[in-house]
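The structure appears below as structure tokens.
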Amino acid sequence: MTNKQIIEEALKAREHSYSPYSNFAVGAAVLAKDGRVFHGCNIENSAYGCALCAERVALFKAVSEGYSKDDFILMGVVADTPGPTSPCGSCRQVISELYPRDQKIVLGNLNGDYYETDANELLPFAFEESDMR
Ligand code: THU
């Protein structure tokens, strides 16, 4: 799947964003080795702290259906941002744990700008399971 295609999947996910408080819609898509694509959008709440970001929704959906870190080969994130959409700190932590650290992540925006990155770049020196031993 190309960068353009994973961002198109993320754009489809973004259409379902529930973001009446921020009016900022985000979409994410995660591609698994078997070809399955998991969509995620941000979902807000009147109790603001209950909101969940698009990236985490996509990854949690995949994990809840039995997929795990090594199954994922591509991820895309998109929103209406001036440059490629930058995942928040909490999403970086979750990506770092649930998505392979060296697999491509494509960040995009509505203008067609792209930035290719990975979890190593998004969250260097991440806190991880091995830190607890
Ligand atoms: N948001 C995401 O979905 N992903 C991010 O990485 C950044 C922020 C959402 C959360 C909230 O619904 C809205 O964008 C504004 O912060």
Inspect all residues belonging to the stretch 90-105 and state whether any of them is within 16 Å of the ligand (Cβ to nearest atom), in a strand (DSSP E or B) and β-branched (V, I, T).
yes
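Can S19 be described as in contact (Cβ under 8 Å) with a residue 12 or more places away in the chain, within 16 Å of the ligand (Cβ to nearest atom) and under 13 Å from the mean Cα position of the chain (by Cα)?
Values: in contact (Cβ under 8 Å) with a residue 12 or more places away in the chain: yes; within 16 Å of the ligand (Cβ to nearest atom): yes; under 13 Å from the mean Cα position of the chain (by Cα): no.
Answer is no for this residue.
Return yes when L11 is away from the ligand (no atom under 16 Å from the Cβ), under 13 Å from the mean Cα position of the chain (by Cα) and either closer than 29 Å to E128 by Cβ or among the aliphatic types (A, V, I, L, M) (or both) and no when it is not.
Criteria not met by L11.
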For the stretch 58-77, does any single residue satisfy the condition of being more than 21 Å from K12 (Cβ to Cβ), under 13 Å from the mean Cα position of the chain (by Cα), among the hydroxyl-bearing types (S, T, Y) and at pLDDT 95 or above?
no
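The values are calculated or read from the model by the stated rules, or taken from the named source; none is laboratory data. Just so it is clear, the model here is predicted, and its values are computed rather than measured. Neighbour counts are summed over all protein chains in view; Cβ atoms, including those assigned to glycine, are modelled from backbone coordinates with ideal geometry.
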